[in-house]
1. So, of the residues in the range 45-64 that are at pLDDT 75 or above and assigned to a loop (DSSP other than H, G, I, E, B), which turns out to be surrounded by the most Cβ atoms within 10 Å (Cβ to Cβ)?
2. Could you tell me which numbered condition residue 89 fails, if it satisfies all but one of (1) modelled with pLDDT under 85; (2) surrounded by 17 or more Cβ atoms within 10 Å (Cβ to Cβ)?
3. Residues in the range 3-24 that are in a loop (DSSP other than H, G, I, E, B) and modelled with pLDDT of 90 or more: how many?
4. Report the residue count in the range 65-77 for those that are more than 16 Å from residue 120 (Cβ to Cβ) and modelled with pLDDT of 90 or more.
5. Where in the range 77-134 are there helices (runs of 4 or more DSSP H), lying wholly inside it, with at least 1 residues that are more than 21 Å from residue 11 (Cα to Cα)?
6. Could you identify the single residue in 97, 116 that is surrounded by 12 or more Cβ atoms within 10 Å (Cβ to Cβ) and modelled with pLDDT of 95 or more?
């Protein structure tokens with residue numbers, strides 16, 4: 001189990017349970033229709049904008065997109081997404097999670113391997129969405145061959 005991904009997945013489950021996919025902010029056209037013109041602007045008092053039906057935060061939305069990508073994929077992806085929903089969103093017991101995914105009841109080690117695979121898959125998808133999945137390149141493709149030779153010669157001198 002990857003602890004950082006576990007805490008991120010728990011956060012996603014809490015956000016999913018609290019907000020789901022719904023978000024609602026008042027529309028300007030709705031205010032115009034309600035007030036039959038522009039709404040009064042000088043109303044005293046606080047106006048809480050954050051948390052008032054704005055939906056999931058950025059981190060939870062990214063995890064949700066990763067889960068949706070796994071659901072639409074092939075192989076174990078849909079089963080891992082189902083495990084994620086049952087483990088983090090619904091919070092069902094481990095025995096029921098195993099039954100929903102299709103694991104044998106006494107296969108505790110297999111279940112932990114599935115959770116590890118889920119965390120790894122989510123981490124890979126999140127890294128790909130952030131653009132850091134490819135790592136460092138040896139040769140930049142946009143440089144002509146002569147520039148690459150000059151760059152490699154300058155590194156040798158260091």
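1. Let us first name the residues in the range 45-64 that are at pLDDT 75 or above, namely 56-64.
With assigned to a loop (DSSP other than H, G, I, E, B) added as a condition, the list becomes 56-57.
On the way: 56: 21, 57: 14.
Ranking the qualifying residues of the range 45-64, first place goes to 56.
2. Just one mismatch for residue 89, condition (1).
3. Step one: filter the range 3-24 for residues in a loop (DSSP other than H, G, I, E, B), giving 19-24.
Now drop any that are not modelled with pLDDT of 90 or more, which leaves none.
Residues meeting the conditions: 0.
4. Residues of the range 65-77 that are more than 16 Å from residue 120 (Cβ to Cβ), as a first pass: 65, 68, 71-72, 74.
Among the residues that remain, those that are also modelled with pLDDT of 90 or more are: 65, 68, 71-72.
Matching residues across the range 65-77 total 4.
5. Details: elements: 77-84, 94-101, 108-130.
In the range 77-134, the matching helices (runs of 4 or more DSSP H) lie at 94-101, 108-130.
6. Details: 97 fails: modelled with pLDDT of 95 or more.
Unique residue meeting the criteria: 116.
The values are calculated or read from the model by the stated rules, or taken from the named source; none is laboratory data. Just so you know, these numbers come straight off a predicted model, no measurement behind them. Cβ atoms come from the backbone with ideal geometry, glycine included; neighbour counts cover every protein chain shown.
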